[in-house]
Amino acid sequence: MKHVIAIYPGTFDPPTNGHLDLIERGSKLFGELVVAILRNPEKDPLFDVEERRAMLEKLTRRFDNVRVDIFGGLLVDFARRAGAHAMLRGIRAISDYEYELQMALMNRKLEDGVETVFLPAAEAYSYISSRIVKDVARLGGRVHGLVPPLVEAQLQRKLHRGRPSHKIAKGHK
Ligand code: PNS
């Protein structure tokens, strides 16, 4: 699939090690991989879309064929503008599959030149989601190893104004 441009879409609020693993594997499969961040203010994200873009750009700098972009509206419209013929999505568990299948079929209905490629999440990251990482970080738990160090620092800054979270969790000022 080295001649194919693929889109890896998502909310990435924030990017996790699971996302990065998929980006790395996707960059080996496809000629070009566009990490596409959905602009979705209605979801009330923790990180605004430019903060997410800045994090993902730093995290993907080492991949020659990966670029980061922001999109709104329909994913298939963005794919068409990018000249992409594939979407990449990770599947962590069977529970993901139903929703992912629904999205893949809807996207193909909207644009039959675009195929969705599912990759199983790496075992080590199969229980991680951005939402669970935010919940744990917010409550002062350690997210080390679940997100890149850069994201860990940004979570700390956002949620605990830079103070070590374990002290906050134990009630220290
Ligand atoms: O990281 P997420 O939240 O699972 O990503 C979901 C995303 C961004 C891939 C999905 O919500 C999406 O593609 N939204 C764009 C709107 C769209 O095209 N909808 C029709 C296809 S279901």
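Residues of region 122-151 that are closer than 14 Å to residue 20 by Cα and crowded, with 19+ Cβ neighbours inside 10 Å: 125, 128, 130, 146, 147, 151. Residue 70 passes all but one of (1) part of a strand (DSSP E or B); (2) crowded, with 19+ Cβ neighbours inside 10 Å; (3) without any contact (Cβ under 8 Å) to a residue 40 or more places away in the chain; which number fails? For residue 70, the failing item is (2). Number of residues in region 15-38 that are within 11 Å of the ligand (Cβ to nearest atom) and out of contact with any strand residue (DSSP E or B) (no Cβ under 6 Å at 6 or more places or on another chain) equals 4. Would you check if there is a residue in region 56-67 being part of a helix (DSSP H, G or I), more than 9 Å from the ligand (Cβ to nearest atom), more than 25 Å from residue 159 (Cα to Cα) and out of contact with any helix residue (DSSP H, G or I) (no Cβ under 9 Å at 6 or more places or on another chain)? Scanning region 56-67, I find no residue that is part of a helix (DSSP H, G or I), more than 9 Å from the ligand (Cβ to nearest atom), more than 25 Å from residue 159 (Cα to Cα) and out of contact with any helix residue (DSSP H, G or I) (no Cβ under 9 Å at 6 or more places or on another chain), so the answer is no.
Taking residue 110 as the residue in question, decide whether it is at pLDDT 95 or above and farther than 25 Å from residue 24 by Cα. When the stated conditions are applied, residue 110 passes them.
Scanning region 7-55 for residues that are within 22 Å of residue 126 (Cβ to Cβ) and part of a loop (DSSP other than H, G, I, E, B) yields a total of 6.
The values are calculated or read from the model by the stated rules, or taken from the named source; none is laboratory data. None of these values were measured; they are calculated from a predicted model. Neighbour counts run over all protein chains shown; Cβ positions are idealised from the backbone, glycine included.
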